[in-house]
Amino acid sequence: RSLPWRVRSSAKKKEYFTLVSEFMLQQTQVKTVIPYFNNFLKNIPNFQSLAKVSEAKLLKHWQGLGYYSRAKNLKKSAKMIVGNFSGRLPNNYEELKKLPGVGDYTAGAVLSIAFNKSYVAVDGNVKRVMARLTSRKKLSQHNLRFIKSKLLKFMDKNRAGDFNQAMMELGACVCLPRNPKCEQCPINKICNAYISGKPTEYPAKVVKKTIPSHFFVGGLIRVGNKILIQKREEKMLNGLWEIPMKKINDQKNLTKDFKNFIFNKYGITVKINKVFSAIKHSYSHFNMKLIVIDCEKTTSIVKKKNMYSWIEKNQINKYPFHKVNHKVFSLFKKKTWNV
């Protein structure tokens, strides 16, 4: 495929394109990454600018892509690259693995694609291709070592990056999890799974754990044309902004509990105007149901610093919010924050 990080460029740009794209592609589909990558490069074009960018701007350009620790690790890596390697990506495995967020797969991908070094890059697509090719049903550590040894044997050492990307493309476009396009596959004659007539049985499906659902209550707290937002301090989504919200176990005293929460945390009393049905949102490890309350500030007893901010509607785009907030904002589309 023609992808923006594959365009012909100088060695220095290729190093940057490769590292940024590999961070973005961790646990995220290519079609999702493309617009984020293009926008990121437009605003943060090199390691030097990435090392200096503010966390707010960084998270704003990552907003909606999820797994925000990737963005923070990417900036930390850029600072190390600028400070320790004169702004050039280290081209050996040991130094590359010292960069925050760089594991075995990312190191192999970067070394092969940016430097054409003979390292394999085994992502989910490549695992599936090789499991079918070698008729491995279980992706055990033993079988993964076997797969890596086979890949190194097959690899054209003069085109290591092309080989790794070709294997990824084979899995992404042809050797699909369901309904693989076996007739179009260039290696079907040596594929054990295809020859068996049961390609989708390889690798064996892993039974996924049931993802729990959690209820939250959140408030669009208004005063005039402004709303209250808070900056997250928890590990998950740290540094992003959100409307005030909390996890709840019991919905019986929803409004009373919410009022108490807002007073205890912000020193603010509110008047409830309307309670909306739950907004649904899914994260990797739980499903979220957020009950939204529209309310107005009535009094402010205590001023608690550095915990929250009052913003106008036209300021939303200046702050990095996690995705569920935009679902909340879509409920309030009028020129003011009035429902």
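The values are calculated or read from the model by the stated rules, or taken from the named source; none is laboratory data. Every value quoted in this text rests on a predicted model; they were computed, and no experiment measured them. Ideal geometry is used to build each Cβ from the backbone, glycine not excepted, and the neighbour counts take in all protein chains shown. Just so you know, the surface numbers come from the protein's heavy atoms only, side chains and all, with ligands and any DNA or RNA stripped out. Shrake-Rupley method; radii C 1.70, N 1.55, O 1.52, S 1.80 Å.
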At R0 = 51 Å the Cβ-Cβ FRET efficiency linking residue 27 and residue 275, nearest 0.05, sits at 0.90
If every Lys and Arg gets +1 and every Asp and Glu gets -1 at its Cβ, then about the Cα centre segment 188-233 yields a dipole, in debye to the nearest 20, of 120
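How far, in nm, would the chain grow between residue 247 and residue 309 when pulled straight, counting 0.36 nm per residue and subtracting the alpha carbon separation?
Here the answer is 20.2 nm.
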Taking the dipole of the chain about the Cα centre (Lys, Arg +1; Asp, Glu -1; charges at Cβ), the one of 266, 84, 9 that reaches farthest to the positive side is 266
Counting only backbone N atoms under 16 Å from a point 7 Å out along Cα-to-Cβ of residue 88, the residues of segment 98-118 in range are 111, 114-117
Note: residue 146 to residue 316 extended length (0.36 nm per residue) minus current alpha-carbon separation gives 56.1 nm
Computed curve, the chain, Cα-only Debye sum without solvent term, log₁₀ I(q)/I(0) at 0.07, 0.08 Å⁻¹, is -0.40, -0.52
Whole-percent carbon and sulfur contribution to the accessible surface of the chain (1.4 Å, no ligands, DNA or RNA) stands at 51
Check: C-alpha center segment 1-20 vs C-alpha center segment 160-183, spacing in Å is 20
Helix-only [θ] at 222 nm, the chain, -39500 (n - 2.57) per DSSP H run of 4+, per residue, nearest 500, equals -12000 deg cm²/dmol
With every protein chain kept in place and a 1.4 Å probe, the residues 310, 5 fall, from largest accessible area down, as 310, 5
Treating only Lys and Arg (+1) and Asp and Glu (-1) as charged, each at its beta carbon, one finds that segment 185-339 has a dipole about its Cα centre, in Debye to the nearest 20, of 260
The farthest towards the positive end of the charge dipole of the chain, of the residues 167, 99, 188, given +1 on Cβ of Lys and Arg and -1 on Cβ of Asp and Glu, is 99
Out of 58, 332, 18 - ranked by how far each Cα lies towards the positive end of the dipole of the chain, with unit charges on the beta-carbon of charged residues - the top one is 332
Of 253, 84, 39, the most mobile residue in a GNM of the chain (C-alpha springs, cutoff 10 Å) is 253
At q = 0.11, 0.13, 0.14, 0.16 Å⁻¹, the log10 of I(q)/I(0) for segment 79-228 from a Debye sum over equal Cα scatterers comes to -0.58, -0.71, -0.77, -0.89
From most to least accessible, 1.4 Å probe, no ligand or DNA/RNA atoms counted, 18, 32 line up as 32, 18
So the angle from the long Cα axis of helix 104-115 to the longest Cα principal axis of the chain, reported in degrees to the nearest 10, equals 70
Note, residue 274: beta-carbon cut-off 13 Å, +1 each Lys/Arg, -1 each Asp/Glu, net 0
Taking N as the number of residues in segment 203-339, the ratio of its alpha carbon radius of gyration to 2.2 N^0.38 Å works out to 1.12
To the nearest 20 debye, the chain has a Cα-centred charge dipole, built from +1 on Lys and Arg Cβ and -1 on Asp and Glu Cβ, of 440
Counting Lys and Arg as +1 and Asp and Glu as -1 over every other residue whose Cβ sits under 12 Å from the Cβ of residue 327, the net charge comes to +2
Regression test value, accessible area per residue of the chain, probe 1.4 Å, units Å², expected 54
Per the C-alpha gyration tensor (a ≥ b ≥ c, the square roots of its eigenvalues), segment 1-108 is rounded if a/c is under 1.5, else prolate if a/b beats b/c, else oblate; here it's rounded
Expected max-MSF residue from 164, 46, 317 in the GNM of the chain (alpha carbon, under 10 Å) is 317
